[in-house]
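Since the structure comes first, as structure tokens, the remarks are kept for the end.
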Amino acid sequence: MKKDEEMRTALITGAGRREGLGFEIARQLGAEGFHVILSARRLEQVEPLAAELVAQGVKASALKVDLLDHASLAAAAQQVEAQFGTLDVLVNNAAMMVGSPNVADKDMDELLLEFQTNVVGTWSVTQQFLPLIVAGGNGRIVNVSSGSGAFWDPDYGLVNYPGFEMERFGAPISAYALTKTAVNGLTIKMAKELKSDNILVNAVCPGVTATRPGSEEWGARPVADGAKGVVWAATLPDDGPTGLFFRDGKQLPW
């Protein structure tokens, strides 16, 4: 990372919920000494969360980042450049899942929104902040993905699905899972293209985490546990892996 460890910066998208994965990733990276930039579509979502971390002694700030608004992304990148000059870590955490997962009755506008947010949005925010990451000299990009988007994940993968407790509900493969298949492919693409810039790019599945009330009842684990694997990938040494897929620091099959 940077020679001046005190100036390490990390931007986390989708960090607008106190109970969410993004906030916990920010908290853990802040504990590692990063200045964490919590971002969400609305600034009022992240300002109190950033203030909460600051009160805990973490260097933190809030930023408006709307993955579907190119002007918002450009303005956000300009703001980070003006304040910090470079960016060390980008965690692409923002994603959405809406509506029915069934082929027969899936609303196509909802499907388009999911792909625009989860796939195009991930690409767009990376594109806007890439010059700052390159300028940092040895950046890290972590794409928060899902084993449900892999073909051969033994627990959640497309071929093995359903392979966990929710199978009793008869849930079909979701459109969200297919967006994560695309994110996994995008991760490989980014890793290959950015290797010469000393940027490590990996996908991380946080597992099923308890970000919603009642989710613990069907086996969701604490958010802090899911966040650890993301933080691990965000703080890899310079000779660490790139273009791979992990959960809890262990490589997963694509």
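The values are calculated or read from the model by the stated rules, or taken from the named source; none is laboratory data. In this text the structure is predicted, and so the values were computed from the model without any measurement. Backbone-built Cβ (ideal geometry, glycine too); neighbour counts: all protein chains shown.
Tabulated data
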{"item": "Those residues of segment 23-77 which are hydrophobic (A, V, I, L, M, F, W, C) and assigned to a strand (DSSP E or B), in sequence order", "result": "VAL36, ILE37, LEU38, ALA40, ALA60, ALA62, LEU63"}
{"item": "Meets criteria (in contact with a helix residue (DSSP H, G or I) (Cβ under 9 Å, 6 or more places away or on another chain), modelled with pLDDT under 95, within 24 Å of GLN251 (Cα to Cα) and of a type outside the set (Phe, Trp, Tyr)) for LEU178", "result": "no"}
{"item": "Positions within segment 63-85 being surrounded by fewer than 20 Cβ atoms within 10 Å (Cβ to Cβ), hydrophobic (A, V, I, L, M, F, W, C) and in contact with a strand residue (DSSP E or B) (Cβ under 7 Å, 6 or more places away or on another chain), in sequence order", "result": "PHE84"}
{"item": "Residue in segment 6-13 that is surrounded by 15 or more Cβ atoms within 10 Å (Cβ to Cβ), more than 29 Å from PRO222 (Cβ to Cβ) and in contact (Cβ under 8 Å) with a residue 12 or more places away in the chain present", "result": "yes"}
{"item": "Subset tally (residues that are assigned to a helix (DSSP H, G or I) and closer than 14 Å to THR13 by Cα) for segment 128-144", "result": "2"}
{"item": "All positions within segment 87-106 that are at pLDDT below 95 and either more than 20 Å from the chain's Cα centre (by Cα) or outside any loop (DSSP other than H, G, I, E, B) (or both)", "result": "GLY99, SER100, PRO101, ASN102, VAL103, ALA104, ASP105, LYS106"}
{"item": "Conditions (1) touching a Pro at 6+ places or on another chain (Cβ under 7 Å); (2) aliphatic (A, V, I, L, M); (3) surrounded by 17 or more Cβ atoms within 10 Å (Cβ to Cβ); number of the one not met by ALA171", "result": "(3)"}
{"item": "Inter-residue pairs, beta-carbon under 6 Å, first closer than 18 Å to ARG140 by Cβ and in segment 220-232, second buried (at least 18 other Cβ atoms within 10 Å of the Cβ) and acidic (Asp, Glu), 6+ apart", "result": "ALA227/GLU24"}
{"item": "Residue within segment 198-215 that is in a helix (DSSP H, G or I), of a type in the set (D, E, K, R), farther than 27 Å from ASP238 by Cα and modelled with pLDDT under 95 present", "result": "no"}
{"item": "Subset of segment 29-62 that is more than 14 Å from the chain's Cα centre (by Cα) and polar (S, T, N, Q) - its residue that is surrounded by the most Cβ atoms within 10 Å (Cβ to Cβ)", "result": "SER61"}
{"item": "Yes/no for THR242 being buried (at least 19 other Cβ atoms within 10 Å of the Cβ), of a type outside the set (Phe, Trp, Tyr), in contact with a helix residue (DSSP H, G or I) (Cβ under 9 Å, 6 or more places away or on another chain) and at pLDDT below 95", "result": "no"}
